[in-house]
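The values are calculated or read from the model by the stated rules, or taken from the named source; none is laboratory data. Computed from a prediction, not measured in an experiment: that's the story for all the values here. As a convention, Cβ positions derive from the backbone with ideal geometry for all residues, glycine included, and neighbour counts pool all protein chains shown.
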There are 6 protein chains.
Amino acid sequence: MSEAVFEILRKVTTATVTTMLLKKGIRRCWMSGPKPLVPGGGRLVGPAFTLRFVPVREDLATPESWSAPISTRAAIEEMPEGVIAVADAMGVPSAGIFGDILCARMKKRNVAALVTDGVMRDLTGVLTSALPVWCAGVAAPASVSGLTFVGWQQPIGCRGCALFPADVIVVDDDGAVVIPQALVDFVAHEGAEHELYESWVFGEVEKGVKLPGLYPPNDDAKARYAAWRNTRS
Amino acid sequence: MSEAVFEILRKVTTATVTTMLLKKGIRRCWMSGPKPLVPGGGRLVGPAFTLRFVPVREDLATPESWSAPISTRAAIEEMPEGVIAVADAMGVPSAGIFGDILCARMKKRNVAALVTDGVMRDLTGVLTSALPVWCAGVAAPASVSGLTFVGWQQPIGCRGCALFPADVIVVDDDGAVVIPQALVDFVAHEGAEHELYESWVFGEVEKGVKLPGLYPPNDDAKARYAAWRNTRS
Amino acid sequence: MSEAVFEILRKVTTATVTTMLLKKGIRRCWMSGPKPLVPGGGRLVGPAFTLRFVPVREDLATPESWSAPISTRAAIEEMPEGVIAVADAMGVPSAGIFGDILCARMKKRNVAALVTDGVMRDLTGVLTSALPVWCAGVAAPASVSGLTFVGWQQPIGCRGCALFPADVIVVDDDGAVVIPQALVDFVAHEGAEHELYESWVFGEVEKGVKLPGLYPPNDDAKARYAAWRNTRS
Amino acid sequence: MSEAVFEILRKVTTATVTTMLLKKGIRRCWMSGPKPLVPGGGRLVGPAFTLRFVPVREDLATPESWSAPISTRAAIEEMPEGVIAVADAMGVPSAGIFGDILCARMKKRNVAALVTDGVMRDLTGVLTSALPVWCAGVAAPASVSGLTFVGWQQPIGCRGCALFPADVIVVDDDGAVVIPQALVDFVAHEGAEHELYESWVFGEVEKGVKLPGLYPPNDDAKARYAAWRNTRS
Amino acid sequence: MSEAVFEILRKVTTATVTTMLLKKGIRRCWMSGPKPLVPGGGRLVGPAFTLRFVPVREDLATPESWSAPISTRAAIEEMPEGVIAVADAMGVPSAGIFGDILCARMKKRNVAALVTDGVMRDLTGVLTSALPVWCAGVAAPASVSGLTFVGWQQPIGCRGCALFPADVIVVDDDGAVVIPQALVDFVAHEGAEHELYESWVFGEVEKGVKLPGLYPPNDDAKARYAAWRNTRS
Amino acid sequence: MSEAVFEILRKVTTATVTTMLLKKGIRRCWMSGPKPLVPGGGRLVGPAFTLRFVPVREDLATPESWSAPISTRAAIEEMPEGVIAVADAMGVPSAGIFGDILCARMKKRNVAALVTDGVMRDLTGVLTSALPVWCAGVAAPASVSGLTFVGWQQPIGCRGCALFPADVIVVDDDGAVVIPQALVDFVAHEGAEHELYESWVFGEVEKGVKLPGLYPPNDDAKARYAAWRNTRS
């Protein structure tokens, strides 16, 4: 996974990513939950860095736990530059996993984005941190009111998706998708080609062409696309 | 159903439509789910054109199915100008029923709006198409990842509402309501009168009048409203 | 509860309020549901004024009921200036508890805000009324299509929280929290101190300080904070 | 409401009760949740005695609260013989409202049954108490782990139904229905007649008669039923 | 689809049916909802006969509708002997689709079973009818309190499954599965073979054999199974 | 944790366990989901052995995965005698985690019980295996149709509870509770004493004693209990 392939992926919509993965039999790749905290911010791509929570237990989720070797603080310090952190918060809607300070530290460390099926807290502060966040909403209470942090870089689930540390994450206004490591090159190159084809179809529709025969294309449409495609390479 | 009655309905809020229908014993007329993709875009009115999906089955929901005689593409080509397409997607949150290309074609055919209890895909592209959409959110995956299209202009359900092809749809920032064909004239004319009355009440409240005796009105308030009403006709 | 303590609370985020209450063993103080209808509008504080609905019953929830001694209209006229009205609508998503006229009357009576686990109707009109509202969305149908109003200033539940008339409500972009009357002073003063500490931590993070040892602080960080704190009093 | 009318109601299924209430425009009369803890135990009828819970708040839901004047214990001592206690537990699935001891005391006081949208605890002990219970399941934790008791004989909601102290409750294997006081006589007498008619229809079906024309009846079927009916009075 | 293949399928568990369909890429074949009203009643197989409901609309779901050409009564008279009726009730939990009389008529017509994602009413009467039923529970209210019947032998959805009239249904204590017509022979014959293999594995486990190497089998286990299998044909 | 303390715990209801843990500030100890597959089977106690699933991913959840070093088969062979296996299946209702063969092997290895927030498959076969199971229902499809197994003896969540390998599990007809290792002795001894006290209260209620003053006890009741208690030691 080079930066070059990431650069290609940045021009492939998450919608197209899911279509490319469907060609390989992967249907469970979109996280039904995380949405951009600030829509319209474009597309981000990076390797996954996983975080895992289990439910709160009152003897464990204490202020003391924040100084423990296994803590969200320690996890953040382990994050390499450019990763997209993905936190499995089991979809809990009432305990904000991170607030302004942790987000500011992640931003400082050049983490690309944070994705979670849980929620954030202190919305104003999180926005101030400028960390790009995909989440399921906001809540005032802290993570310890509903969650116990148990580790990082383990396999996790996030709203119907399985994620492993070596996977690649793409996020945009449609949400967050995961690409298994072995399929990243395929998705990038086929996806870019697919985007080109769809841009041609969109132009045809603007001209008034009917959908049947165009999308999917019949032989005539294939030929017209091929001609147009040739003029571009 | 003339354009004239639609013109009246365009000034009646969906809130008032539900109140008028309640007078006729109809409680199930608001779809609990579809929201405007772009709030603040005003009110639209049109006859319903129904679309129906059932869950995906892997032997049927294939790319080949997109070229079949019963396909979303074929359905779109059947839509008359001015209709509001209503798609029963069973509230599935993880399969975008339409993306930019299908929306662009609907816009080209002068479809007034698209309403669904499901979700859209490729949000940026859908916004570019400029088709007004009321839906339950967005998702990256295509319809075939969760849904099978089975036909158009059949009776459908949409988040608690029954819809039939001859019904009339009104959408605004409160969501989407359905008016049975036989009640369209009643709702338009009574509704317009009701809007006038509420505008007078709002003015009274602005002047500091208390609610009891005003809303609903006692005899004194009725008389004052009648006097004001007379000055307007 | 003086205005002075409310003035302090207006500078304490709801996130911090929940952390202070957790120190006193209170975990159930944030309402999982109400969100600001207009985000970015700042923080409001006031004593709770409770409203209670039960489900609709067709022989009771009638237009006549709106003129009854126990009605939402009567309740509004009982609201003292500065209160935050909190309505237990059992989270019903399909019946708007209040529309433009009732909100306008509340605004006229200087009610500080309306909080509900239910929804509003006539969004455009509610925004026109300028009453600050925290709710779970909007719906076109009126309250009587789904709810029966049964009284005010009783104990209520609101999305996982118990509320009693003497409690204090704080709302901001993270939602709504309730402070038991006996803990208001503690939360205000400890909370203000906590905000100061977090602002110092945020500054340290901006300088590039690592989280472990800083948040929570080790002895060195405590000393540095104390020094900084002294320069400010 | 005499015992005589209750005696008639004991032979009317809850299914028929809902059909009779529908004739009077009442659709919201069945509680979607409470099921018999011991199915097959027959039908019970009695006036409602309401109990109300709100969510737990840690400063209020304490062991001390069990000795307070407003407590479940005090409520039970107020229950007249023959009532059906209905507890609004807001459908909370994880806090058992009553266990063996409170049920045993209710049984001792000749309470007819307990109905709740919540759950019981200590299933074995509750069964030993022999109190007939309609509930939504069982949980080990006590009510104070999730609920605060706030009073009795107030209006309540129970899974979509409004209940008032003067209402009448009927429970059988289909669940629990509420009859508004003013409609009890109508439901009992019309309901008994309806049961007779349905028993005749069932017999016709056993003989092989087709449904169209029989149920609902055409003129011929009406005449045959009238003849049969006459032989019975 | 001969009776012979149905006879084979009656010995194949629904669990095994899903495993065979997974081999053909079909994952969506089990209905998440319908459970046997009387567990322990064995396995039934038959062609699907579909029924479709949409939500109630008060101007349509009336007693008069029961005599209409499109009615549940008319649909029942169209059911061929041996079919398994599958009703799409959109999972509505509060309106019983059929009661004792309709079930009795279906039984009289030798319908094999009724499957629905909805609920039944008049549990006692339905049990008396002796019609085998797979459903999601019971409710007292009639279908017209929540549903409008719109037709039969159309494509339907049932709790995550698509069903078409030519499909085959298998029901047992694990619930209900659908087999696409084209795969019935494959599922029956491969499934029967798979049952035989699993019965041998179960015996091996009873003898104390470890799972790894046995299930799935390594070469040694394959050889031992082949030897055992040969002794049986 | 000796067998002696387990022997005491076997006489303490899960209801009482939650009450004892509440005294120590632990509210999140009951799993809201697992129910006994065969009610009335008594109480079981054992150390937790955790299993963890994440959602399915089609490139990973394959038949080949069943032979992998990290597989449910391998996990079962690691289970010590007497443990209670607890599987975090994220509450997925449509993929049976284990069927007859895996349950039979667990039974053979003297595993005490299986607890899961997920579901089983092949109900008849599981009952034949005689392994005591607490689960959330049954489904026909195999685990690979919805889940990927990722490991054992890790921290897990199970319907609102955190579980760690050293915890102790108690299951009975009220469901499943977890006792943190450090509190096992306290819960066992205090719990046994509490059961004795409740049995005395139950006897008093049977004699007709009122609840206020008895439960919780006033001074008089305390004295009477002490006297009775003394006669028993």
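Restricting attention to region C:3-32, which residues are more than 13 Å from C:Pro180 (Cβ to Cβ), aliphatic (A, V, I, L, M) and more than 8 Å from chain A (Cβ to nearest Cβ)? Hits for region C:3-32 are C:Ala4, C:Val5, C:Ile8, C:Leu9, C:Val12, C:Met31. Take F:Asp185 and tell me if it is acidic (Asp, Glu) and under 16 Å from the mean Cα position of the chain (by Cα). In short, no.
When we screen E:Glu78, E:Glu58 for residues that are touching a residue at least 60 places away in the same chain (Cβ under 8 Å) and charged (D, E, K, R), the only hit is E:Glu78.
Per the listing F:Arg52, F:Arg73, F:Arg105, F:Arg43, the residue uniquely basic (Lys, Arg), out of contact with any His (no Cβ under 6 Å at 6 or more places or on another chain) and within 25 Å of E:Ser32 (Cα to Cα) is F:Arg52. Candidates F:Val92, F:Val138, F:Val111: the one that is closer than 19 Å to A:Met90 by Cα and of a type in the set (Val, Ile, Thr) is F:Val92.
Here D:Leu22 meets the list (1) hydrophobic (A, V, I, L, M, F, W, C); (2) modelled with pLDDT under 95; (3) farther than 29 Å from C:Gly146 by Cα; (4) part of a helix (DSSP H, G or I) almost entirely, failing just condition (3). When region C:128-137 is filtered for residues that are under 26 Å from B:Gly160 (Cβ atoms) and surrounded by fewer than 23 Cβ atoms within 10 Å (Cβ to Cβ), the ones remaining, listed by number, are C:Ala136, C:Gly137. Here E:Gly157 fulfils each of the conditions (1) among the small types (Gly, Ala, Ser); (2) surrounded by fewer than 24 Cβ atoms within 10 Å (Cβ to Cβ); (3) closer than 20 Å to B:Gly151 by Cβ apart from (2). Screening F:Asp174 on (1) farther than 29 Å from E:Val205 by Cβ; (2) surrounded by fewer than 23 Cβ atoms within 10 Å (Cβ to Cβ); (3) modelled with pLDDT of 95 or more shows it passes everything except condition (2).
Just to be sure, is F:Gly42 more than 21 Å from D:Pro93 (Cα to Cα), within 11 Å of another protein chain (Cβ to nearest Cβ), of a type in the set (Gly, Ala, Ser) and within 16 Å of the chain's Cα centre (by Cα)? Criteria met by F:Gly42.
Report whether or not F:Gly96 is under 28 Å from A:Phe53 (Cα atoms), surrounded by fewer than 24 Cβ atoms within 10 Å (Cβ to Cβ) and not β-branched (Val, Ile, Thr). It is false that F:Gly96 is under 28 Å from A:Phe53 (Cα atoms), surrounded by fewer than 24 Cβ atoms within 10 Å (Cβ to Cβ) and not β-branched (Val, Ile, Thr). I'd like the residue in region C:49-101 that is part of a helix (DSSP H, G or I), more than 7 Å from every other protein chain (Cβ to nearest Cβ) and not acidic (Asp, Glu) and, out of all such residues, is nearest to B:Gly25 (Cα to Cα). Looking at the filtered set, the residue picked out is C:Ser65. The set of residues from region B:200-216 being of a type outside the set (Val, Ile, Thr), within 17 Å of C:Trp66 (Cα to Cα) and facing chain C (nearest Cβ under 7 Å) comprises B:Phe202, B:Lys210, B:Leu211, B:Pro212, B:Tyr215, B:Pro216.
Residue selection: F:Asp174 fails the criterion of being among the charged types (D, E, K, R) and within 13 Å of chain E (Cβ to nearest Cβ). Considering only region B:211-229, I want to know if a residue exists there that is charged (D, E, K, R), in contact (Cβ under 8 Å) with a residue 12 or more places away in the chain and under 30 Å from B:Leu51 (Cα atoms). Within region B:211-229 (the criterion being charged (D, E, K, R), in contact (Cβ under 8 Å) with a residue 12 or more places away in the chain and under 30 Å from B:Leu51 (Cα atoms)), the answer is no, since none of the residues qualifies.
Only strands (runs of 3 or more DSSP E) whose full extent lies in region B:153-233 are considered here, and the ones with at least 1 residues that are in contact with a helix residue (DSSP H, G or I) (Cβ under 9 Å, 6 or more places away or on another chain) and among the hydrophobic types (A, V, I, L, M, F, W, C) are B:168-172, B:175-179.
Being in contact (Cβ under 8 Å) with a residue 40 or more places away in the chain and either within 14 Å of chain E (Cβ to nearest Cβ) or touching a strand residue (DSSP E or B) at 6+ places or on another chain (Cβ under 8 Å) (or both) is a description that does not apply to F:Asp185. The sole residue among F:Ala87, F:Ala61, F:Ala75, F:Ala68 that is crowded, with 16+ Cβ neighbours inside 10 Å, at pLDDT below 95 and not polar (S, T, N, Q) is F:Ala61. Do we find that E:Glu7 is in a loop (DSSP other than H, G, I, E, B) and of a type in the set (Asp, Glu) in this structure? It is false that E:Glu7 is in a loop (DSSP other than H, G, I, E, B) and of a type in the set (Asp, Glu).
Scanning region D:124-143 for residues that are among the β-branched types (Val, Ile, Thr), within 11 Å of chain F (Cβ to nearest Cβ) and not in a helix (DSSP H, G or I) returns a single hit, D:Val138. Within the group A:Gly118, A:Gly151, which residue is more than 12 Å from chain C (Cβ to nearest Cβ) and surrounded by 24 or more Cβ atoms within 10 Å (Cβ to Cβ)? The match here is A:Gly118.
Screening F:Pro216 against (1) modelled with pLDDT of 95 or more; (2) surrounded by fewer than 21 Cβ atoms within 10 Å (Cβ to Cβ) leaves a single unmet condition, (1).
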